[in-house]
Amino acid sequence: MAALHGLRVLGWCSGAGVAVRAASWQFHRTPLRRGQLHLALQGFVQRGRLFSSEVKGEDELRVKYLEGEEQGIVVLGINRPQAKNAISKNLVKSMMKAVDSLKSNNKVRTVILRSDVPGVFCAGADLKERAKMHPSEVGPFVSKARALMNEFANLPMPTIVALDGVALGGGLEMALACDIIVAASSAKMGLVETKLAIIPGAGGTQRLPRAVGVALAKELIFSARVLDGNEAKSVGLVSHVVEQNDDGDAAYRRAVALAREFTPQGPIALRMAKLAINQGIEVDLATGLAIEEACYAQVIPTKDRLEGLLAFKEKRPPRYKGE
C-alpha cells in the first residue's frame, strides 16, 4: 500500500473506551504507513459525563439535555434577543465551553443547534461590539470565531442546525459547520460580508464551496445574495426545508425528528462514520479508503458490534451502550 503522509490530530471522537482523534491530512516529508495510521487514530481513554436535563450557565446559550424517547439529544439554544443572536465575544466563549464539554461526553448521540429567539437564527457578527474594537483586536476575535466553527465541525457526534429565521454572515458560517442543515421555507440566509467591504472569516469561503460548488459559492459571496429556505434547498445548501408553523419552530421540530432517527443506531459507528466521511472527502480516494479502514478497525472490538449481531439473531431491537 502506498505511504500516507502527514496525519495531524485535531478533534476528539470518543467511543469503545478509546478516544479517537479526528485527523487532518496534510503532506509532510515523513511517510505514514497503514500500521502507523491505525495507531495515530488511537488516543487516550476519556470518561463520559452525565448531565441533568437542563444545565445552568451563560444565559446567552442555553444547553438542554432531552429526556425520555429523545434521550441522548442535546440542544444548544442561542439566546441574545436584544442583538438578534449576533456573535459576541461572550457568545463565542460560552459556545466554546459548551462544545468542549460535549466532545468528551459519550452519552451524547446528536447535537442540535437552534435559536431561542423567534424569527432569527443569527444575524452575524455583533457589529456594535465590533465597532468598539481597536483594529488590532478584530483579527484575534475573528480567529476565535473561526476556531469555534472548527471545533463545532469536529464534534464527533452528528450535528444538526435548525434555521427557523435569519442566518446571515457568521450565522450561516455557524450553520455550515454542522453536518445537516434544516431550514424553514421562510428562513433567510446568506454570506453578506462583502456589503461591509470584508469577506467571510469564520470558514464561509471554504465550507460554502464544498456545499454548493465553487462557481455558485463565488456568485453568492460576490453578490452578498440572500436566499430563502426553498432557494437554499434547490442549490443544495440545506438538506431539508419545511413550511413554518404558527409557533415558528418547524425547522427545530424537523431537526428533533431527524435526530430521533439517529438515536437507535450504534453511537460509536456514527462517530466513526462521521470521521471517515469528514476526513476522506478532503483527500484522494486511496487515502480515503485507508481512513475508512482505520475507522472500521475501531468498531470491530466494541461490545456494540456484538450486541448488533446478537439482536439480529434474536430478532429484537439492539440495545447499544456506546461501548
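The values are calculated or read from the model by the stated rules, or taken from the named source; none is laboratory data. Given the structure is predicted, the values throughout are model-derived calculations rather than measurements. Backbone-built Cβ (ideal geometry, glycine too); neighbour counts: all protein chains shown. Side chains are part of the model used for accessible areas, which takes the heavy atoms of the whole protein and leaves out ligands, DNA and RNA. Shrake-Rupley method; radii C 1.70, N 1.55, O 1.52, S 1.80 Å.
Using only the heavy atoms of the protein chains and a 1.4 Å probe, how would 191, 196 rank by accessible area, largest first?
These residues rank, largest area first, as 196, 191.
Run the accessible area of region 228-304 with a 1.4 Å probe and give the carbon-and-sulfur part as a rounded percent.
Of the solvent-accessible surface of region 228-304, carbon and sulfur hold 54 percent.
Lys and Arg at +1, Asp and Glu at -1: add these up for the other residues within a Cβ distance under 15 Å of residue 310 and post the number.
Around residue 310, the surrounding residues sum to +3.
Extending each Cα 7 Å along its Cβ direction at residue 101 and residue 214, get the distance between those two points in nm, one decimal.
The modelled label-to-label distance comes out at 4.3 nm.
Suppose R0 equals 22 Å; then what is the FRET efficiency for residue 150 and residue 89 from their Cβ-Cβ distance, rounded to the nearest 0.05?
For R0 = 22 Å, the calculated efficiency reads 0.80.
Under a 1.4 angstrom probe, counting protein chains only, how are 262, 312, 152 ranked by accessible area, largest first?
312, 262, 152
Please work out whether region 157-276 counts as rounded, prolate or oblate from its C-alpha gyration tensor, where a ≥ b ≥ c are the square roots of the eigenvalues and a/c under 1.5 means rounded, while otherwise a/b larger than b/c means prolate and anything else oblate?
Oblate.
Would region 124-187 count as rounded, prolate or oblate if I go by the C-alpha gyration tensor, calling it rounded below 1.5 in a/c and otherwise prolate when a/b exceeds b/c, oblate otherwise?
oblate
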